[in-house]
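To keep things clear, I will list the structure first and then write my remarks on it.
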Amino acid sequence: MGSTKRQISGPEGKLGVLLPGLGAVATTFIAGVESIRRGLAKPYGSLTQMGRIRLGRRDDGKSPLIKEFAPLANLDQLVFGAWDPIPDNGYEAAKKAAVLKQEHLDPVAGTLAEIKPMKAVFDKNYVRKLDGTNVKQGSDKMDLAEQVREDIRNFKKENGCDRLVMVWCASTEVFMTRNSVHEDIASFEQGLKKSDPSISPSMIYAYAAIKEGVPYTNGAPNLNCEIPALTQLAKDNRVPIAGKDFKTGQTLMKTILAPGFKARALGINGWFSTNILGNRDGEVLDDPDSFKTKEQSKLSVLDTILQTDLYPDLYKNLYHKVRINYYPPRGDNKEGWDNIDIFGWLGYPMQIKIDFLCRDSILAAPVVLDLTLLMDFASRAKMYGIQEWLSFYFKSPIHAEGLYPEHDLFIQLMKLKNTMRYVMGEELITHLGLDYYGYYDEPY
Ligand SMILES: NC(=O)c1ccc[n+]([C@@H]2O[C@H](COP(=O)([O-])OP(=O)(O)OC[C@H]3O[C@@H](n4cnc5c(N)ncnc54)[C@H](O)[C@@H]3O)[C@@H](O)[C@H]2O)c1
């Protein structure tokens, strides 16, 4: 299947990257981009920068870098802004996050220090473990949304940006469920005016971004831009939205391994996952309500990949448990253990143990970069509403009502690449390949 190339406006000018949350992920992302710009590092982990995309037949030998294939903004065009209830500038925040060594912070310290967080929309009821002084005051939640909209416009003007994107890199909010306030734009706006408790700070940022025509991405697991009021607003205002919960660490491993077991019809009886981490994210997740949000996000992955209803013999007895333990000595350097009880031919049991000594923010930073560039690309390609083709980057991909999310990393990658081929007017790749063996088409 081919496609006609869409009209895509060019990536000229400055692209402002607005980040609610100037913590470990955000500062590691900014410091990394600044180091790469200066030629001090390579963009490891970034599909847009280091990945390639095959075009045409396998014998055509055409596999350009994604960043050369699609008109993406380049790293020199990015300008950063943030909101945070903690007033530390980007350098102080990066020092406290303690992800990067001093030798990696020194060359970019000046640029990081220039990033002073704007006053946040913050409410302790939604992130109980944090206190902040750099917080907006407003008569009601609509007033707070208006203030964020004004910040967005001022940032754009003061920094001479042509376009903006917003990526939520702030703390995980408490577990919330959808209710009538979220169901349509009118009730949501009414709720903003009445400061309804079902509207969280993250929803206020999302609303402000969409109203300003700024592509919005949610990197945390909390209920946010997937509520019908905001998906509708995104459609009406022709704004792309994506989320949620950056796929890194243990869940990334799950979505790599589980499709493999299923592909080979290997059964699974149990998957026990536990983590220790000691960063601020870990502290926030120590609150049971924030943990519940994360737990739901992490648990949903296996059920959907393994399709228990379609494969009861293999997966109906699967016991899946996820634990997150706050353990300060480890800082951002998480350790994740998985014990997987699988079974094969004649039901013989086997075990797999994974001990992933990972670095959360090191895995998340390139995801933020890719989402920044691809959401800007989507917007210029006139794609709007939920960007399901970016599921590749999320633990809980948001999706159209009535669909199940696609969690399998390899399907997600194919979807992402085929979407890019489609938008750019290239042939889609089905991996059929029978045409390399012409005799299949000859009469028998
Ligand atoms: N690192 C990863 O691998 C990974 C993966 C998936 C999701 N996430 C999510 O990304 C988010 C950021 O992670 P982190 O490690 O940088 O956490 P962090 O605690 O270091 O940083 C979060 C920052 O957000 C700020 N914040 C809290 N509420 C805010 C608000 N209402 N407005 C603006 N700022 C606010 C906090 O003050 C803090 O500085 C978390 O929600 C985390 O769950 C991270």
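Observations, loosely collected:
- Comparing Gly13, Ala73, Ala98 along the charge dipole axis of the stretch 8-105, the residue lying farthest to the positive side is Ala73, per the Cβ-charge model.
- Highest-MSF residue in the chain out of Pro215, Pro107, Pro228 [GNM, Cα springs under 10 Å]: Pro107
- Distance from the alpha carbon centroid of the stretch 44-62 to that of the stretch 200-245 works out to 31 angstrom.
- Given Lys42/Lys417; Lys101/Lys334; Lys42/Lys382; Lys156/Lys211; Lys124/Lys156; Lys14/Lys101, the pairs whose alpha carbons are separated by over 24 Å: Lys42/Lys382; Lys124/Lys156; Lys14/Lys101
- Residue with peak Gaussian network fluctuation, the chain [Cα springs, cutoff 10 Å], from Phe410, Phe246, Phe155: Phe410
- Cα-centred dipole magnitude for the stretch 250-357, charges only on beta-carbon of K, R (+1) and D, E (-1), debye, nearest 20: 260
- Farthest positive-ward along the chain dipole, Cα basis, beta-carbon charges - from Ile227, Ile152, Ala265: Ile152
- Most fluctuating residue given options Lys129, Lys101, Lys247, as computed from a GNM of the chain linking Cα atoms under 10 Å: Lys101
- Peptides ranked, highest mean first, by Cβ atoms within 10 Å: ranges 230-240, 163-173: 163-173, 230-240
- Share antiparallel - DSSP beta bridges, the chain, percent rounded to 5: 40
- Whole-number percent relative contact order across the chain, with pairs defined as alpha carbons under 8 Å at least 6 apart: 21
- Computed on the Cα atoms alone, the convex hull of the stretch 29-175 gives a volume of 169 cubic angstrom per residue.
- Per residue, the convex hull volume that the Cα atoms of the stretch 250-357 enclose (Å³): 88
- Rounded Å value of the spacing that divides the Cα centres of the stretch 143-161 and the stretch 358-415: 26
- About its Cα centre, the dipole of the chain is roughly 460 debye, where the only charges are +1 on Lys and Arg Cβ and -1 on Asp and Glu Cβ.
- Counting only residues at least eight positions apart within a chain, or on another chain, the aspartates and glutamates with an alpha carbon under 12 Å from that of Lys193 are Asp140, Asp143, Glu146.
- Of the two radii for the chain, the radius of gyration is 0.97 times the Kirkwood radius, both from the alpha carbons; that is the Rg over Rh value.
- Projected area averaged over orientations for the stretch 197-263, convex hull of C-alpha atoms, nm²: 5.9
- Ranking Thr304, Leu252, Ile352 by how far each Cα lies toward the positive end of the dipole of the stretch 250-357 (charges on Cβ) leaves Ile352 at the top.
- Given +1 at the Cβ of Lys and Arg, -1 at the Cβ of Asp and Glu and no other charges, the dipole of the stretch 308-444 around its Cα centre is 640 debye to the nearest 20.
Where a number appears in this text, it was derived from the coordinates with a stated rule and is not lab data. The structure displayed is predicted, hence computed values, not measured ones. For neighbour counting, all protein chains shown are included, and Cβ atoms are generated from backbone atoms with ideal geometry for every residue, glycine included.
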